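To keep things clear, I will list the structure first and then write my remarks on it.
Any read-out appearing in this document is the output of simple, stated calculations on the displayed coordinates, not a laboratory observation. No experiment lies behind these values; they were computed from the predicted model shown. Please note: Cβ atoms are built from the backbone with ideal geometry, for glycine as well, and neighbour counts cover all protein chains shown.
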Amino acid sequence: MENEGAPINPDFACYNHPDRRATSGCWRCQQLICDECSETILGKTYCKKCAEEVAQLSSGPDEPHILKREVNSPALMVFIIIITLLIAAAEIWVMTR
């Protein structure tokens, strides 16, 4: 148990509240923060400042403060590779005729 009167080691203190123990770090700026200073967005913990910036950067005009999801599909990548290989094979076939 933490001793109420004991000073917090500065290496483990909240960036905004030096008298409180940090419970996590901001995913973006890496500052140590306490529970009060943290916000979780899509499973990542941010400090309040970074959370606001991330939300502003990724929100559209109709959806404020909502992170947009990136398109990162392995099936899409395979499809693009197959199409590229087919085009290359067709060019080689035409050149060897």
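Summary of computed values
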| item | result |
| --- | --- |
| Scope the range 20-35; condition in contact with a helix residue (DSSP H, G or I) (Cβ under 9 Å, 6 or more places away or on another chain), closer than 23 Å to Asn9 by Cβ and among the charged types (D, E, K, R); matching residues | Arg20, Arg21 |
| Residues that are more than 14 Å from Lys49 (Cα to Cα) and of a type outside the set (Gly, Ala, Ser), drawn from the range 15-34 | His17, Pro18, Asp19, Arg20, Arg21, Thr23 |
